[in-house]
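Everything on this sheet refers to the single structure shown next.
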Amino acid sequence: MRLLEGFRVLDFGRFIAGPYCAALLSDYGADVIRIERVQGGEDRYLAPVAGTGEGGMYMQMNRNKRCLTLDLASPEGRTIVQQLVRTADVVVANLPPATLRQLGLDYPTLCALNPRVVLVASTAYGTVGPYSEQAGFDSVGQAMSGAMYMSGLPGVPSRAGVNYVDFHTAQACAMGAIAALWARERTGQGQLVEGSLLRSALIQSNAVLIEQAVRSPNRVPQGNRGYMAGPVDVFTTRTGAVVVHAIGQAMFGRWCDLVGRPGFRQDPRFADDVVRGAHSAEISAVMSAWCADRSRDEVLAALAGARIPAGPVYSPQEALDDPHIQASGILQPCALPGSDGSFPLARHPVDLSDMPAPSTRTAPGLGQHTAEVLGALGYGPDAVADLRARGIA
């Protein structure tokens, strides 16, 4: 039996933070019902890859779920939601507080219907503070946490090409949901689990903020070069780029021997990680020259032999082709809707030794399970057909 088998999750989320939280719960066996607009959510068809129009983000975020279409603004739609809430263990919604209240998905309303329900609500800024009612995406968290400033070059802030703030928020909220369910086993009472993009982003940049608050170094961005050690940078070889990350005296000493600079061991500019960070440009210049005439494979083999952490800077296709990534089994082939092909779906990132591996069912089609879900609530075929004919389900 899987950990959350027998638990029901209602997913009102969109894009990443909410849907991925629900997907993580589905990986552990929860019955997750995605509740979507009749015409389809705005995140379903973004960057389409499937023959039926769904995008890659939708396919990843909504694996293992069922899909119920519903007009939440209609009285009948509200009634169906209330019926479902009475059967649910968890409700997931990454919506602004005002929207939650408008839809009747705020915690006081849900608790009145089902005192055992856990509401997992993630927002852009949290529910306290002057920005609490504003909308926002991952990029806003990156920008306001200082991470975007520190990731670029002077005058050129750089956004990460992946939505790490959204994913961090989703993972933290999934952990909060499981903790709340565990607490409910002791108290019999559900509770509100709150997360926000800005909180998650600030956690990612917290060490930098601590240093600024205590020492006020007023660091300026320096691209890929590290602030706290060296060599920490991206270097270009004859056949591609590599990232190198050496920390501590032992690694630095082995690097000195590797690049033929044993005298650097006694150079006061490189005496420890702190001063090496301050003189990282000089260290990177040496490493750049060493890499320039070598292939990427040669550089990586030499660094591995010296036990210095390094890796190739891959294109997406190179990541797909990497033999270790393939052997890890993290990317599971799933049927691509509307075609004979498949796509690589990243399964749950954590394995439990005494539990079955998470399944990876393809994300549902629009309204694929509407009749099934409504039928379980007592709606017969004629009633479902009527709701569909009136654009309610």
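The values are calculated or read from the model by the stated rules, or taken from the named source; none is laboratory data. Note that the structure is predicted; figures quoted are calculated from it, not measured. Don't worry about glycine lacking a Cβ; one is built from the backbone with ideal geometry, like all the others, and counts go over all protein chains shown.
Things worth noting here:
- Of all residues in segment 345-358, those that are free of Cβ contacts under 8 Å to residues at least 40 places away in the same chain have Cβ atoms under 8 Å from Cβ atoms of residues that are of a type in the set (D, E, K, R) and part of a loop (DSSP other than H, G, I, E, B), 6 or more apart or on another chain, in 357/347; 357/351.
- Test: residue in segment 162-173 that is out of contact with any Asp or Glu (no Cβ under 6 Å at 6 or more places or on another chain), in a loop (DSSP other than H, G, I, E, B) and more than 27 Å from residue 101 (Cα to Cα): yes
- Residue satisfying condition, being in the same structural domain as residue 131 (by TED's automatic domain parsing), surrounded by fewer than 20 Cβ atoms within 10 Å (Cβ to Cβ) and of a type in the set (A, V, I, L, M), within set 47, 17, 93: 47
- Residue within segment 160-174 that is closer than 25 Å to residue 8 by Cβ, surrounded by 20 or more Cβ atoms within 10 Å (Cβ to Cβ) and among the charged types (D, E, K, R) present: yes
- Annotation note: of 99, 127, the sole residue that is in contact with a strand residue (DSSP E or B) (Cβ under 7 Å, 6 or more places away or on another chain) and either under 22 Å from residue 22 (Cα atoms) or not in a loop (DSSP other than H, G, I, E, B) (or both) is 127.
- Here residue 36 fulfils each of the conditions (1) surrounded by fewer than 23 Cβ atoms within 10 Å (Cβ to Cβ); (2) touching a residue at least 40 places away in the same chain (Cβ under 8 Å); (3) over 16 Å from residue 194 (Cα atoms) apart from (1).
- Filter result (of a type in the set (A, V, I, L, M) and touching a strand residue (DSSP E or B) at 6+ places or on another chain (Cβ under 8 Å)) within segment 321-380: 325, 330, 331, 335, 336, 345, 346, 363, 366, 373, 374
- A residue that is free of Cβ contacts under 8 Å to residues at least 12 places away in the same chain, under 21 Å from the mean Cα position of the chain (by Cα) and closer than 30 Å to residue 332 by Cα cannot be found anywhere in segment 84-102.
- Yes/no for residue 66 being at pLDDT 95 or above, assigned to a loop (DSSP other than H, G, I, E, B) and buried (at least 16 other Cβ atoms within 10 Å of the Cβ): no
- Looking across segment 256-314, the residues that are among the acidic types (Asp, Glu) and free of Cβ contacts under 8 Å to residues at least 60 places away in the same chain come down to 257, 267, 272, 273, 282, 293, 297.
- Condition check for residue 293: exposed (fewer than 13 other Cβ atoms within 10 Å of the Cβ) and of a type in the set (Asp, Glu): yes
- Whichever residue in segment 223-253 is assigned to a strand (DSSP E or B) and over 27 Å from the mean Cα position of the chain (by Cα) and, among such residues, is surrounded by the fewest Cβ atoms within 10 Å (Cβ to Cβ): 236
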